[in-house]
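Presented below is the structure to which this report refers.
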Amino acid sequence: MSTETGGGLEGLAGLASALGDVYHIGLRVPDIDVAEAELSASMGLQWASPLHIDMKPWLPGEGYKEFELTLTESVEGPIHIELSHGTPGSIWDHNFGVGLHHFGVWVEDVGATVEGLVREGWTIEMAAKPPEEGYGHFAYIRSPSGILFEPVSAASKEKHERWWSGGSFA
C-alpha cells in the first residue's frame, strides 16, 4: 500500500493516534486465577491485585444495569494484558467467547471520541454514563467490522499506574 493513500504502517500509526494511546489488550476468561497462572508460567507476567467491582454501567436502549466484574491487569507494560470475568449476560460473560475481547486506549475526552466513532458507523455497547453525561470515564464501542474498543479517560492513568505498582486502585 502506498503512504499517499493512508496505507502501510504510516496509516496504522495515524489510526492509533486518532484513537488514543493503546494501553491494554482485554481478554475475557472463565477463571481469572487459572488465566493468571497460565500467562505467568508461559510469559513471565505478574499481576496487579484483582479488582471485584459492582458495576452499574449505562447500556443503549436499556439504561443502567448492574453487573459484577472481576479483572486484573499485568503489571508489565507499556501494553498491559487485562483479564476479565463478569456476570452471566454481561459484556464480560465468558460464555459469549473466551479470548481476545477488546483493546483499551487512553483518551483525553471519552465523549468526543465516542461521538466521533459513532459518526463513522461504530456502535455504542456500553458506557459508564449516558450520552447526555458525556459517557463517563469509559465506554465500549464496536466498529462496523466487529472490533471492540474501550476508550478510557486519561485522567484515570495515575490510578492505574498506582495499581500496577502494587498500590490501591481507589
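Computed from the coordinates by the stated procedures, all read-outs in this text should not be read as laboratory data. None of the values given here were measured: they were computed from a predicted structure. Positions of Cβ are generated from backbone atoms using ideal geometry, with glycine treated the same way; all protein chains shown enter the neighbour counts.
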| said: Cβ-Cβ under 8 Å, sequence separation 6+ or interchain: first residue in region 37-62 and closer than 30 Å to Gly111 by Cα, partner exposed (fewer than 13 other Cβ atoms within 10 Å of the Cβ). Which pairs? | reply: Ala48/Gly166; Ser49/Gly166; Asp54/Glu66; Met55/Glu66; Lys56/Tyr64; Lys56/Glu66; Pro57/Tyr64; Trp58/Tyr64
| note | Picking from Tyr135, Tyr140, the residue that is farther than 26 Å from Ile32 by Cβ and in contact with a strand residue (DSSP E or B) (Cβ under 8 Å, 6 or more places away or on another chain) would be Tyr135
